[in-house]
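Taking it in order: structure first as C-alpha cells, then the write-up.
The values are calculated or read from the model by the stated rules, or taken from the named source; none is laboratory data. As the structure is a prediction and not an experimental result, all values here were calculated from the model. Cβ placement follows ideal geometry from the backbone for every residue including glycine, while neighbour counts extend to all protein chains displayed.
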Amino acid sequence: MKLAGPDIASPRATGKYLVGMPMWMWVNQSATTYGPNTASASAGGVTVTATAKVSKIG
C-alpha cells in the first residue's frame, strides 16, 4: 500500500500571502492522500487486509 502526504491546496497556489491574514486551505482527496486505501497480502494460506483512511487533519 502506498500512501502520500496530504495534497494541500489554497486559492493562490503560486501567489503571495500576508502573515496573520486568515485564509482558506483544503486537502484534495484521493485514495493515496485521504483514503480509503485498501491492500491485501497472502502467505501460507492466510490473507491479511488493511484499510487506511484519514480520521483527522489538524
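If only residues of the range 13-58 that are under 14 Å from Leu3 (Cα atoms) and β-branched (Val, Ile, Thr) are counted, the one that is nearest to the chain's Cα centre (by Cα) is Thr33. Count of the range 19-58 residues, restricted to those that are at pLDDT 90 or above and β-branched (Val, Ile, Thr), is 6. Of the residues making up the range 32-57, those that are surrounded by 12 or more Cβ atoms within 10 Å (Cβ to Cβ) and under 27 Å from Arg12 (Cβ atoms) number 4.
Output the residues belonging to the range 1-37 that are among the polar types (S, T, N, Q) and under 20 Å from Ile57 (Cα atoms). Listed by number, the residues that qualify are Ser10, Asn28, Gln29, Ser30, Thr32, Thr33, Asn37.
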